[in-house]
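Comments concern the structure below.
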Amino acid sequence: MNLEPSEADEAFRATIRAYFQTEYPQDILAKLANGQTLDKADLVASERALSAKGWLAPGWPKAYGGTGWTVAERFIFDEELERAGAPNVSPMGLLYVAPVIYTFGTQAQKDRWLDDILSSRTFWAQGYSEPDAGSDLASLRTRAVRDGDHYIVDGEKTWTSNGHYADWIFCLVRTSDEGKKQAGITFLCMDMTTPGIEVKPIITIDGGHHLNSITFTGVRVPVENRIGDEGLGWTYARHLLNHERTSYAHVAGKRRQLEALREASADAPWGDELAREGSGLRRRTAEAEIDLMCLEMTTLRALAPLTNGEAPGDEASIIKIAATETAQTITERYLELAGLYAQPFFADRERADWRAGLEDIPAFAAPGTASYFFTRAQTIYGGTNEIQKNIIARQLGL
Ligand SMILES: Cc1cc2nc3c(=O)[nH]c(=O)nc-3n(C[C@H](O)[C@H](O)[C@H](O)COP(=O)(O)OP(=O)(O)OC[C@H]3O[C@@H](n4cnc5c(N)ncnc54)[C@H](O)[C@@H]3O)c2cc1C
């Protein structure tokens with residue numbers, strides 16, 4: 001693999017960098033630089049700005065609205081987006097369900113859903129997990145019973161990220177109890193405004209509302225909302241999960257976080273711990289940098305052969321483990337640097353003046369602490385890291 005950027009790559013980088021410096025909505029960058037959290041309107045504005053350039057779905061095949069960029073160009077784009085401090089796209093529609101729709105959906109489903117996702121007109125949620133079906137996902141019990149041209153859906157999904165923002169949800173539902181557990185599962189998309197769907201918030205340890213519990217009571221879903229064949233949902237679900245697990249890499253975002261850690265250390269009122277010879281924090285930060293370089297190489301090796309929106313193979317599990325453990329290592333360094341100030345206080349960071357009364361506390365401490373707590377979840381969601389190790393042992397024979 002030749003990692004030296006070509007002249008064309010450098011020119012591409014300059015174009016993308018200039019875009020984020022001038023054309024991209026600067027108010028969103030300012031909010032994030034101020035440590036604020038974003039709401040749905042911000043995410044929509046960000047995605048619509050990228051969509052207007054045709055840059056919202058670089059990983060999709062060109063025929064469906066992808067950019068046709070090389071792997072190097074996609075990598076550069078991600079690097080520049082994260083370097084600018086812009087938010088990542090909301091993944092459930094663009095990165096998770098869209099590849100299932102364009103790979104297994106009918107023409108009518110592609111026409112109906114892909115364009116809305118590509119223009120950020122619809123947000124999606126992922127309804128896989130249930131109260132008694134997480135790692136053992138095939139035990140799921142949300143049931144869909146056929147009634148003419150509809151399914152009637154009853155059950156509960158949980159830990160649904162951004163379910164309160166979603167216009168649509170894709171769910172795994174049980175349509176049969178015959179044979180293996182995996183065989184009776186079907187992939188169904190539901191309009192969140194359908195009567196019988198109720199969304200309740202789950203507040204996480206960082207104080208944020210990211211997650212939800214969603215109940216379905218007698219929800220009537222047209223059969224035309226089913227992707228592929230009844231009973232083959234498990235196949236589509238695994239395809240989706242390999243896209244999901246690869247998407248966790250966020251190499252450039254992690255590099256940016258490490259740079260910001262250095263800046264925070266240099267500005268810390270108690271002195272620059274990262275510049276101090278023999279400092280444990282300095283050594284552990286260097287180790288995190290090495291982990292990040294390994295993650296970058298592994299991700300590039302896995303993605304290099306995939307040039308037209310194909311699904312990565314089970315090596316996605318290796319990326320998932322490396323990416324999430326590195327993410328946790330980095331946020332632990334923030335917590336160490338913050339020291340006494342790393343208390344889990346939940347400032348209302350939707351407000352521009354969230355630091356009022358907290359001026360004595362270094363600016364990085366509150367967002368860094370919240371990020372540390374939320375990042376604990378990374379080794380759980382998308383399939384826990386223990387489950388990824390099982391997949392690596394069984395499927396890759398490592
Ligand atoms: C922040 C967050 C966001 C999420 N977002 C979504 C979402 O949008 N949509 C969605 O559907 N789900 C979502 N989830 C759910 C997530 O996918 C599940 O939490 C995850 O699959 C684990 O399931 P569980 O919580 O039931 O834990 P369990 O499956 O009960 O696991 C408990 C522990 O046992 C271990 N374990 C279980 N089985 C095995 C085994 N066979 N071998 C070794 N160890 C094992 C696990 O690794 C874990 O440590 C989210 C979760 C979190 C925390």
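Scan segment 33-76 residue by residue and report those that are in a helix (DSSP H, G or I) and of a type in the set (Asp, Glu). It would help to see each step written out before you state the result.
Looking only at segment 33-76, we keep the residues that are in a helix (DSSP H, G or I), and these are 33, 40-53, 62-64, 71-76.
Residues satisfying the conditions are 42, 47, 73.
Surrounded by 17 or more Cβ atoms within 10 Å (Cβ to Cβ) and of a type outside the set (Asp, Glu): does that describe residue 275? Outline the logic, then answer.
Details: surrounded by 17 or more Cβ atoms within 10 Å (Cβ to Cβ): no; of a type outside the set (Asp, Glu): yes.
Criteria not met by residue 275.
Taking the stated definitions as given, is residue 90 within 16 Å of the ligand (Cβ to nearest atom), under 19 Å from the mean Cα position of the chain (by Cα) and either over 21 Å from residue 245 (Cβ atoms) or surrounded by fewer than 16 Cβ atoms within 10 Å (Cβ to Cβ) (or both)?
On the way: within 16 Å of the ligand (Cβ to nearest atom): yes; under 19 Å from the mean Cα position of the chain (by Cα): yes; either over 21 Å from residue 245 (Cβ atoms) or surrounded by fewer than 16 Cβ atoms within 10 Å (Cβ to Cβ) (or both): no.
Judged against the criteria, residue 90 is not a match.
What strands (runs of 3 or more DSSP E) completely inside segment 125-210 contain at least 3 residues that are near the ligand (Cβ under 10 Å from one of its atoms)?
Values: elements: 143-147, 150-157, 168-174, 185-191, 197-203.
Qualifying strands (runs of 3 or more DSSP E): 168-174.
Output the residue which, of all residues in segment 363-381 that are outside any helix (DSSP H, G or I) and at pLDDT 90 or above, is farthest from the chain's Cα centre (by Cα). It would help to see each step written out before you state the result.
Quick first cut of segment 363-381, residues outside any helix (DSSP H, G or I) only: 363-364, 380-381.
Right, trim to at pLDDT 90 or above and you get 364, 380-381.
Working: 364: 23, 380: 13, 381: 10 Å.
Only one residue tops the list, namely 364.
A quick yes/no check of all residues on (1) within 16 Å of the ligand (Cβ to nearest atom); (2) in contact with a helix residue (DSSP H, G or I) (Cβ under 9 Å, 6 or more places away or on another chain); (3) of a type in the set (A, V, I, L, M):
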{"residue": "331", "(1), (2), (3)": "yes, yes, no"}
{"residue": "341", "(1), (2), (3)": "no, yes, no"}
{"residue": "351", "(1), (2), (3)": "no, no, no"}
{"residue": "358", "(1), (2), (3)": "no, yes, yes"}
{"residue": "361", "(1), (2), (3)": "no, yes, yes"}
{"residue": "366", "(1), (2), (3)": "no, yes, yes"}
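Filter segment 375-390 down to the residues that are in contact (Cβ under 8 Å) with a residue 60 or more places away in the chain and either crowded, with 17+ Cβ neighbours inside 10 Å or farther than 20 Å from residue 212 by Cα (or both) and list them by number. Give the steps one after another, and end with the answer.
Of the residues in segment 375-390, the ones in contact (Cβ under 8 Å) with a residue 60 or more places away in the chain are 376-378, 381-389.
Those that are in contact (Cβ under 8 Å) with a residue 60 or more places away in the chain and either crowded, with 17+ Cβ neighbours inside 10 Å or farther than 20 Å from residue 212 by Cα (or both): 377, 378, 381, 382, 383, 385, 386, 387, 388, 389.
If you check 327, 365, 338, 347, which single one turns out to be among the small types (Gly, Ala, Ser) and open to solvent by 10 Å² or more (accessible area, probe 1.4 Å)? Write out each step before concluding.
On the way: 327 fails: open to solvent by 10 Å² or more (accessible area, probe 1.4 Å); 365 fails: open to solvent by 10 Å² or more (accessible area, probe 1.4 Å); 338 fails: open to solvent by 10 Å² or more (accessible area, probe 1.4 Å).
It is 347.
Across segment 217-272, what is the number of residues that are over 30 Å from residue 195 (Cα atoms) and of a type in the set (Lys, Arg)?
Of the residues in segment 217-272, 5 are over 30 Å from residue 195 (Cα atoms) and of a type in the set (Lys, Arg).
Just to be sure before I move on: is residue 392 more than 11 Å from residue 324 (Cβ to Cβ), at pLDDT 90 or above and either over 21 Å from the mean Cα position of the chain (by Cα) or more than 16 Å from the ligand (Cβ to nearest atom) (or both) in the structure I sent? Don't jump to the end; show me each part of the working.
Working: more than 11 Å from residue 324 (Cβ to Cβ): yes; at pLDDT 90 or above: yes; either over 21 Å from the mean Cα position of the chain (by Cα) or more than 16 Å from the ligand (Cβ to nearest atom) (or both): yes.
Considered against the rule, which asks whether it is more than 11 Å from residue 324 (Cβ to Cβ), at pLDDT 90 or above and either over 21 Å from the mean Cα position of the chain (by Cα) or more than 16 Å from the ligand (Cβ to nearest atom) (or both), residue 392 comes out as yes.
Against the definition (small (Gly, Ala, Ser) and either outside the structural domain of residue 329 (by TED's automatic domain parsing) or within 22 Å of residue 162 (Cβ to Cβ) (or both)), how does residue 233 come out, yes or no?
Values: small (Gly, Ala, Ser): yes; either outside the structural domain of residue 329 (by TED's automatic domain parsing) or within 22 Å of residue 162 (Cβ to Cβ) (or both): yes.
Here the answer is yes, as residue 233 does meet what is asked.
Name the single residue, out of those in segment 211-220 being away from the ligand (no atom under 13 Å from the Cβ) and not hydroxyl-bearing (Ser, Thr, Tyr), that is farthest from residue 152 (Cα to Cα).
216
The values are calculated or read from the model by the stated rules, or taken from the named source; none is laboratory data. Not measured: the values here are computed from a predicted model. No Cβ is skipped: glycine too gets one built from the backbone with ideal geometry, and neighbour counts run over all protein chains shown. Heads up: the accessible areas ignore ligands, DNA and RNA and are worked out on the full protein's heavy atoms, side chains in. Shrake-Rupley method; radii C 1.70, N 1.55, O 1.52, S 1.80 Å.
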